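What follows is a set of notes on a single structure, which appears directly below.
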Amino acid sequence: MRDGGKFRRGASDPGQDSPLSAAVGLRDRDTLAMVARAVQRREVFLAFQPVVQAARQDRPAFYEGLIRLVDETGRIIPAREFIATIETTELGRAVDCLSLDLGFRALKEDPGLRLAINMSARSIAYPRWQQVLRRGVKGSPTVAERLILEITESSAMIMPDAVSVFMADMQGAGISFALDDFGAGYTSFRYLREFYFDILKIDGQFIRGIAGSPDNQCLTQALLSIARQFDMFTVAESVENGPDAAWLTGAGIDCMQGYYFGAPTATPPWRMAQVKMRA
């Protein structure tokens, strides 16, 4: 619980930092140092999570490549533990470059793979990220059409005009775009109409426990209606059990992603298949 009453502080001296502010500042500095070290040493990798078709749940429609760092103790650090701290920094752009580069390597390794890679809208204007993108697309005639770039709703709204122009340019080259965490932010419907995202991923806060939540059912049905109106493919995030998956399938969701169908794994699925074939 992040804001329990007994932990609430009263007004502090404006001339002094509160102990909480000092602790947050120290944590952020530690996070920046950890990420900088991992980036410098390229101690990063992608963990792959399947996104399955609702109609054929044994068959992934595509995978999402989730960036992971390795800290100095050897612990694997998921993006949720550092991305908010680095989002507006040069390190954020460096992580986006590494993530995209690793994604292209995976796409070239398996010509049957379709892969989603996360990016920040801020990286659109970052020259090195653009270089990685254009070099990767030129590397294979089918790579662009198998690449999906995921942009969070909150990130897209930072610079909607730039995102719209960038998407139009890259969609012409065959790249698809997914609007990630839809419903968690404040998308203007005017921009939603102009973005032309190919895929809409409904935020997990509306999906977890949906089979027993009339409120989330109503909200998700409204989001599905919006997606259909704009001809967008739909993905439910954070699907964690059978009843939720069954309700979503009945509601007409196109695809689902979550631990019910598979946890992110550092071993690419196509390599696991190769190992099984050899066994």
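Within segment 230-247, being of a type outside the set (Asp, Glu), closer than 23 Å to residue 160 by Cα and out of contact with any Lys or Arg (no Cβ under 9 Å at 6 or more places or on another chain) holds for 232, 233. Looking only at segment 120-175, which residues are within 20 Å of residue 108 (Cα to Cα) and assigned to a loop (DSSP other than H, G, I, E, B)? Those that are within 20 Å of residue 108 (Cα to Cα) and assigned to a loop (DSSP other than H, G, I, E, B): 139, 140, 141, 142, 173, 174, 175. The one condition from (1) at pLDDT below 95; (2) surrounded by 15 or more Cβ atoms within 10 Å (Cβ to Cβ); (3) at negative phi that residue 181 does not meet is (3).
Selection within segment 74-96: residues that are in contact with a Ser or Thr (Cβ under 9 Å, 6 or more places away or on another chain) and charged (D, E, K, R). The member of this set that is farthest from residue 181 (Cα to Cα) is 93. Here residue 91 fulfils each of the conditions (1) at pLDDT below 95; (2) touching a helix residue (DSSP H, G or I) at 6+ places or on another chain (Cβ under 6 Å); (3) over 16 Å from residue 147 (Cα atoms) apart from (1). Scanning segment 161-203 for residues that are over 29 Å from residue 139 (Cα atoms), touching a Phe, Trp or Tyr at 6+ places or on another chain (Cβ under 9 Å) and not hydrophobic (A, V, I, L, M, F, W, C) gives 183, 187, 193, 203. Taken as a whole, the condition of being among the aliphatic types (A, V, I, L, M), closer than 18 Å to residue 63 by Cβ and surrounded by fewer than 17 Cβ atoms within 10 Å (Cβ to Cβ) does not apply to residue 251. Note on segment 230-268: residues that are under 24 Å from residue 75 (Cα atoms), among the polar types (S, T, N, Q) and in contact with a helix residue (DSSP H, G or I) (Cβ under 7 Å, 6 or more places away or on another chain) total 1. I'm told residue 113 meets every condition in (1) touching a residue at least 40 places away in the same chain (Cβ under 8 Å); (2) assigned to a helix (DSSP H, G or I); (3) under 24 Å from residue 271 (Cβ atoms) except one. Can you identify the failing condition by its number? Result: residue 113 fails condition (2) only. Take the conditions (1) surrounded by fewer than 20 Cβ atoms within 10 Å (Cβ to Cβ); (2) of a type outside the set (S, T, N, Q); (3) over 17 Å from residue 183 (Cβ atoms); residue 245 misses just one of them, which is (1). Residues that are touching a residue at least 24 places away in the same chain (Cβ under 8 Å), within 23 Å of residue 51 (Cα to Cα), surrounded by fewer than 17 Cβ atoms within 10 Å (Cβ to Cβ) and not hydrophobic (A, V, I, L, M, F, W, C) do occur in segment 147-160, at least one of them. Within segment 37-94, being within 30 Å of residue 252 (Cβ to Cβ), outside any loop (DSSP other than H, G, I, E, B) and of a type in the set (Lys, Arg) holds for one residue alone: 80. When residue 172 is tested against (1) closer than 25 Å to residue 158 by Cβ; (2) small (Gly, Ala, Ser); (3) in contact (Cβ under 8 Å) with a residue 40 or more places away in the chain, only condition (3) is not met.
Can you name the residue in segment 82-96 that is touching a Leu at 6+ places or on another chain (Cβ under 9 Å) and of a type outside the set (Val, Ile, Thr) and, of all such residues, is surrounded by the most Cβ atoms within 10 Å (Cβ to Cβ)? This residue is 82. The residue of segment 184-211 that is modelled with the lowest pLDDT, among those that are in a loop (DSSP other than H, G, I, E, B) and of a type in the set (A, V, I, L, M, F, W, C), is 184. In segment 186-206 there is at least one residue matching the filter, namely being farther than 25 Å from residue 263 by Cα, buried (at least 18 other Cβ atoms within 10 Å of the Cβ) and not hydrophobic (A, V, I, L, M, F, W, C).
Within segment 212-248, being modelled with pLDDT of 95 or more, assigned to a helix (DSSP H, G or I) and among the charged types (D, E, K, R) holds for 215, 244.
The values are calculated or read from the model by the stated rules, or taken from the named source; none is laboratory data. Since the structure is predicted, the reported quantities are computational estimates derived from the model, not experimental observations. Cβ: placed from backbone, ideal geometry, glycine included. Neighbour counts: every protein chain shown.
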